[in-house]
Amino acid sequence: MVLQSYNLDRIAQKLVLKYRDKEVLNESHKMRQTAAYGLERFWGEQFRLLGKNKTRDAGEYWRDTWKELVKIMERAGVAVPNDSVNPANTDEIREMAQKLWNEEKFPTQDRQYTLAVLIQLCDSLVWWTQRYKKKSERDGSAEQLAQEEPNNE
């Protein structure tokens, strides 16, 4: 048996660096928590976030993480359903979610492998987030910090 590296750590680092300046890295922790609830919930979270201007960057971070997971699993020989879905089209969302639950299109064993890889990818995202997070995200927003500083006049 040959060990195959899928570069999860490198992919996670790349994602964290891509989104570092958008101040959405705290989403890494939410991703890790959501992964425990299953692939369907993880995949669907992007739509909630993409639907609001305030959280659009966070939604893109979730979406890009899902896309990377699909690529990783493809290299491992597992075809993860990943239809292009219009967030405004309920039927498209329903069809894609059904594919994630469909035993014939996405067997249980493949779902289990994919979920295990997603959890490891999210663990790496959290690790890199803790190293690269900006002070404004670590200690609260910059605006909050400015308000809390004593006035030395």
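The values are calculated or read from the model by the stated rules, or taken from the named source; none is laboratory data. The shown structure was predicted, so the numbers you read here are calculated from the model rather than taken from an experiment. Counting neighbours? That spans all protein chains shown, and the Cβs are built from the backbone with ideal geometry, glycine included. Surface areas here come from the heavy atoms of the whole protein model, side chains and all, with no ligands, DNA or RNA. Shrake-Rupley method; radii C 1.70, N 1.55, O 1.52, S 1.80 Å.
Consider Asp91 carefully, then state whether it is in a helix (DSSP H, G or I), among the acidic types (Asp, Glu) and under 26 Å from Leu25 (Cα atoms). The answer is no for Asp91.
Checked against the criterion of being out of contact with any Ser or Thr (no Cβ under 9 Å at 6 or more places or on another chain), of a type in the set (Ser, Thr, Tyr), assigned to a helix (DSSP H, G or I) and open to solvent by 40 Å² or more (accessible area, probe 1.4 Å), the candidates Tyr6, Tyr113, Tyr37 yield just one match: Tyr113.
For Ile93, the criteria (1) modelled with pLDDT of 95 or more; (2) surrounded by 14 or more Cβ atoms within 10 Å (Cβ to Cβ) hold in every case but one, which is (1).
Among residues that are assigned to a helix (DSSP H, G or I) and in contact with a Lys or Arg (Cβ under 6 Å, 6 or more places away or on another chain), Lys99 is included. Note on the stretch 48-90: residues that are open to solvent by 40 Å² or more (accessible area, probe 1.4 Å), over 15 Å from the mean Cα position of the chain (by Cα) and touching a residue at least 12 places away in the same chain (Cβ under 8 Å) total 6. Residues that are at pLDDT 95 or above and either buried (at least 17 other Cβ atoms within 10 Å of the Cβ) or basic (Lys, Arg) (or both) within the stretch 127-140 comprise Trp128, Thr129, listed in sequence order.
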